[in-house]
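Heads up: the structure comes next, in structure tokens.
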Amino acid sequence: MKEIAEKMLRSFDTVKFYRRQIFEKLDVQNITEALALATNYGLV
């Protein structure tokens, strides 16, 4: 996440907040579930 924050010119905490919000909207608990969901829908 540190690398993502640097590339987005955002703070590490902001990226953590974004990730939490995405997980809530997708109704997942972790990155593994999020990737599985994205794969199932053909997003990645």
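The values are calculated or read from the model by the stated rules, or taken from the named source; none is laboratory data. What you see is a predicted model, and the numbers here were worked out from it, not measured in a lab. So basically every Cβ, Gly included, is an ideal-geometry build from the backbone, and we count neighbours across all protein chains shown. The area values use the complete protein model at the heavy-atom level, side chains included, leaving out ligands, DNA and RNA. Shrake-Rupley method; radii C 1.70, N 1.55, O 1.52, S 1.80 Å.
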Check your understanding: Ignoring ligands and nucleic acids, what accessible area does Leu9 show with a 1.4 Å probe (Å², nearest 10)?
Key -> 140
Check your understanding: If you roll a 1.4 Å probe over the chain with all protein chains in place, what percent of the accessible area is carbon or sulfur?
Key -> 56
Check your understanding: What is the diffusion coefficient of the chain in µm²/s, taking the Kirkwood radius over Cα pairs and the Stokes-Einstein relation at 10 °C with a viscosity of 1.306 mPa s?
Key -> 143
Study note, to complete from the structure: Per the helix-only model, the chain has a calculated mean residue ellipticity at 222 nm (DSSP H runs of ≥4, -39500 (n - 2.57) each, divided over all residues, rounded to the nearest 500) of -22000 deg cm²/dmol
**Study point:** Dipole magnitude (debye, nearest 20) for the chain, charges at Cβ of Lys, Arg, Asp, Glu
**Key:** 140
Check your understanding: Accessible area per residue of the chain at 1.4 Å probe, in Å²?
Key -> 89
